[in-house]
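In what follows, a structure is listed as structure tokens, so that the remarks can point back to it.
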Amino acid sequence: MTTAGSINASDNAKLVFERYGDRYFFAQVQMGGDSSLTAVRTKTAEINAIAKTNKKSVVVIVGG
């Protein structure tokens, strides 16, 4: 289903998650056709996860 003004997910849209141990936290989104990233604020649960582990991974999911 498409609506007027919708964005094609195949135009390099991506979601970015940060992983601490076995927990994933949504970090950024980039809409298809847009070169800017939108970041989200750090939540208390993420701050607690960071405090428990010093190992961080970044996971990027690209539409297409």
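For segment 11-44, give me each residue that is of a type in the set (D, E) and assigned to a strand (DSSP E or B).
E18
Go through (1) modelled with pLDDT under 80; (2) surrounded by 13 or more Cβ atoms within 10 Å (Cβ to Cβ) for R19 and report which single condition fails.
(1)
For the subset of segment 30-49 comprising residues that are surrounded by 15 or more Cβ atoms within 10 Å (Cβ to Cβ) and among the aliphatic types (A, V, I, L, M), which member is modelled with the lowest pLDDT?
From segment 30-49, those surrounded by 15 or more Cβ atoms within 10 Å (Cβ to Cβ) are 30-32, 46, 49; that's our starting set.
Going one step further and asking which of them are among the aliphatic types (A, V, I, L, M), we end up with 31, 49.
Values: M31: 81, A49: 78.
In this case the residue turns out to be A49.
Sort out which residues of segment 1-16 are hydrophobic (A, V, I, L, M, F, W, C) and either at pLDDT below 75 or over 10 Å from the mean Cα position of the chain (by Cα) (or both), and write them in order of number. Let's see the steps before the verdict.
Filtering segment 1-16 down to residues hydrophobic (A, V, I, L, M, F, W, C) leaves 1, 4, 7, 9, 13, 15-16.
M1, A4, I7, A9, A13 - these are the residues of segment 1-16 that are hydrophobic (A, V, I, L, M, F, W, C) and either at pLDDT below 75 or over 10 Å from the mean Cα position of the chain (by Cα) (or both).
The values are calculated or read from the model by the stated rules, or taken from the named source; none is laboratory data. Every value quoted in this text rests on a predicted model; they were computed, and no experiment measured them. Glycine also receives a Cβ, built like all others from the backbone with ideal geometry; neighbour counts cover every protein chain displayed.
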